[in-house]
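Contents: one structure, followed by commentary.
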Amino acid sequence: MVRANGAVSLRELARVVQTSEVTVRRDVRALEAEGLLDRRHGGAVLPGGFTRESGFPQKSHLATAEKTAIADMAAGLVEEGEAIVVGAGTTTQELARRLARVPGLTVVTNSLLVAQALAHANRVEVVMTGGTLRGSNYALVGSGAEQSLQGLRVSRAFLSGSGLTAERGLSTSNMLSASVDRALVQAAAEVVVLADHTKLGSDTMFQTVPTDLITHLVTDEPAAHDDRAAAELQALADQGVRIAVAGGGAGAASSAAAESGAGGRPARREMPLPGQRRTQGQPLRALGESAVDRERDRDRARVADLRRR
């Protein structure tokens, strides 16, 4: 499975071979000792230090339940009448399917799959970039895509990638995709990263979003006793990233409550002006230092709760 997909999660392996994650984790250690794969937070990848990019057919079958839960929670951050950008990826495709129900929305994307998911949404306007089609992930890349994003300003960018670490932020395995993702980030006042647990701690070749530019991370709950993934989440929270955990019982419930206002809709927050970038240690300056400290404390408490469980 690792050879076919480039990466695989422990949960997926346990489901396929119908055994416990504890057994799978032990066997993965043995395979790593033989040099056949490298362990990563909650999964395994091909050996060599950096994960390679899987094609869309392989990605679409990895961590499907987790991606669905992440997309459900991320959709709650989008409000009526907003203008957003959505990058390419299987998780962002799931998000797009849910955005079809948000009236007055404008979605700018370089992904054919995102555009297809929104094609029949009567109250959503879809704007596509130019560029050259990259068949492996059905995305438009290159100078045409980047130039079409110049001068664009939107409220939020929703992006996924191949790996996420507190040290380097979000990264991907393809140079052209990374360049377009960076252009998407420059167009947005806030950046929301969608990354399932298999991406936590994985590092790939090309950085797309440094950690200090990530406003929100929407992820799923790491596997039980996965201390490294919990430590990565803690490190991200320490750098000011607001973390929401989907489908994780009490931890997810507390996170969702912190992200949402009355009726389950996102609480209204002052956003920085278009193009304004926050510096490390100042996640949302408009909220004031005391509010930032309170949010950071809540994020740390949620991550600590995950580690205890």
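One residue stands out in region 187-214 among those that are of a type in the set (S, T, N, Q) and buried (at least 23 other Cβ atoms within 10 Å of the Cβ): the one that is modelled with the highest pLDDT, namely 208. Does residue 264 satisfy being at pLDDT 50 or above, open to solvent by 40 Å² or more (accessible area, probe 1.4 Å) and under 22 Å from residue 72 (Cα atoms)? Criteria not met by residue 264. Scan region 137-149 and give yes if some residue there is assigned to a loop (DSSP other than H, G, I, E, B) and either closer than 19 Å to residue 219 by Cβ or modelled with pLDDT of 95 or more (or both), otherwise no. There is at least one residue in region 137-149 that is assigned to a loop (DSSP other than H, G, I, E, B) and either closer than 19 Å to residue 219 by Cβ or modelled with pLDDT of 95 or more (or both).
One residue alone among 85, 127, 102, 107 is within 22 Å of residue 193 (Cβ to Cβ), among the aliphatic types (A, V, I, L, M), assigned to a strand (DSSP E or B) and open to solvent by 10 Å² or more (accessible area, probe 1.4 Å), and that residue is 127.
Selection within region 215-228: residues that are of a type in the set (A, V, I, L, M) and part of a strand (DSSP E or B). The member of this set that is surrounded by the fewest Cβ atoms within 10 Å (Cβ to Cβ) is 217. The lone criterion from (1) open to solvent by less than 10 Å² (accessible area, probe 1.4 Å); (2) over 15 Å from the mean Cα position of the chain (by Cα); (3) not aromatic (Phe, Trp, Tyr) left unmet by residue 135 is number (1). For region 167-178, the criterion of a residue being charged (D, E, K, R), under 29 Å from residue 47 (Cα atoms) and surrounded by fewer than 23 Cβ atoms within 10 Å (Cβ to Cβ) is satisfied by at least one position. When residue 184 is tested against (1) of a type in the set (A, V, I, L, M); (2) part of a loop (DSSP other than H, G, I, E, B); (3) buried (at least 24 other Cβ atoms within 10 Å of the Cβ), only condition (2) is not met.
The values are calculated or read from the model by the stated rules, or taken from the named source; none is laboratory data. Keep in mind it's a predicted model, so treat the numbers as computed, not measured. Quick reminder, even Gly has a Cβ in these numbers, built from the backbone with ideal geometry, and neighbours come from all protein chains shown. Calculation scope for accessible area: heavy atoms of the full protein, side chains included, ligands and nucleic acids excluded. Shrake-Rupley method; radii C 1.70, N 1.55, O 1.52, S 1.80 Å.
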